[in-house]
1. Is there any pair linking a residue in the stretch 97-110 that is in contact (Cβ under 8 Å) with a residue 12 or more places away in the chain to one that is among the acidic types (Asp, Glu), with Cβ under 8 Å and at least six apart or on different chains, and which?
2. Output the residue which, of all residues in the stretch 185-205 that are polar (S, T, N, Q) and surrounded by 15 or more Cβ atoms within 10 Å (Cβ to Cβ), is nearest to Pro121 (Cα to Cα).
3. Restricting to the stretch 63-96, what's the tally of residues that are in contact (Cβ under 8 Å) with a residue 12 or more places away in the chain, farther than 29 Å from Asn195 by Cα and among the small types (Gly, Ala, Ser)?
4. Looking at Trp189, Trp128, which is the one that is under 24 Å from Ala64 (Cα atoms) and of a type in the set (Phe, Trp, Tyr)?
5. Kindly check whether there is at least one residue in the stretch 213-222 that is within 22 Å of His137 (Cα to Cα) and not basic (Lys, Arg).
6. For the stretch 206-226, enumerate the residues that are crowded, with 19+ Cβ neighbours inside 10 Å, touching a residue at least 40 places away in the same chain (Cβ under 8 Å), closer than 13 Å to Ile170 by Cα and not β-branched (Val, Ile, Thr).
7. Within the stretch 30-81, which residues are in a loop (DSSP other than H, G, I, E, B) and charged (D, E, K, R)?
8. With Thr125, Thr141, Thr129, Thr134 as the choices, which residue is assigned by TED's automatic domain parsing to the domain that holds Ala185 and surrounded by fewer than 13 Cβ atoms within 10 Å (Cβ to Cβ)?
Amino acid sequence: MINGTRLFAKFVLLAALFSISNGIVANPRGDEQAQDYAALVRLFNDWRAFESAPSREGVPDYTATTMASQLEGLKGFRQRLEAFNISDWPVAEQVDWHLLRAEMNGLEFNARVLKSWQRDPAFYTSVWTAQSDTPAHEGPTHHALIELWTYDFPLSPAASTQLATELGGIAPLLQQARINLTGNARELWVGGITNIREQADALRELALRIPASDTVLHEAIDKALVATESFISWLVEQSPSKNGPSGVSKEH
């Protein structure tokens, strides 16, 4: 997922520069207007906490009941957002409002139409070895990614402990995925197997970079690899029954 605070600030800055370059000078805000914007910031913080999937057995929860509850809870956030009158706000702050609206639209589309946690095995890829060339990873991702490229090798003791902890989430997440993946999108299913196989390869390569003396991290890697390979076998076993379309149709 995108770092919300940095993205929010970046777009505020861009909007402000755009306003200046076009000769737009906003009127000074009164106290009431300042309070309104402060309320928008509070809404943004509440929204980001809501958007992050709740925890289940130490990993993000994408079960059907939880995702349906999140979609229902979205209504309250939309009501709070629509209650703002932004007509007199400075352009940069209006942009912030529209950015938040766009995020809400995105969550609704994901929850109502894409349903990646239900249709796409690649959604459950955890290990990423390279930085994306876009602000966020391309395609839907879950909330507990392991950004391996951010680690400096050889690992410090603290980094080794952190990585072992992160790797510990792979097995329970993939176990949950077997429950959640009830979709019938064949191309997504087959393509997802490739993504999960790449994760297995990344874990094998990671093990080669870790000293034999770091037994705790090696154990975490081994458990994550066993879980990943087992998940691949399950996906392959299920693939003959997947014969539906992967597109979401032009109606959406």
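1. Glu103/Glu51; Leu107/Glu51
2. Out of the qualifying residues, it is Asn195.
3. Final tally of qualifying residues: 2.
4. That would be Trp189, the only listed residue that is under 24 Å from Ala64 (Cα atoms) and of a type in the set (Phe, Trp, Tyr).
5. No, the stretch 213-222 contains no residue that is within 22 Å of His137 (Cα to Cα) and not basic (Lys, Arg).
6. The answer is Ala220, Ala224.
7. Once the filter is applied, which keeps residues that are in a loop (DSSP other than H, G, I, E, B) and charged (D, E, K, R), the stretch 30-81 yields Glu57, Asp61.
8. On the way: Thr125 fails: surrounded by fewer than 13 Cβ atoms within 10 Å (Cβ to Cβ); Thr141 fails: surrounded by fewer than 13 Cβ atoms within 10 Å (Cβ to Cβ); Thr129 fails: surrounded by fewer than 13 Cβ atoms within 10 Å (Cβ to Cβ).
From the options Thr125, Thr141, Thr129, Thr134, the qualifying one is Thr134.
The values are calculated or read from the model by the stated rules, or taken from the named source; none is laboratory data. These figures come from a predicted structure and were not determined experimentally. Cβ atoms come from the backbone with ideal geometry, glycine included; neighbour counts cover every protein chain shown.
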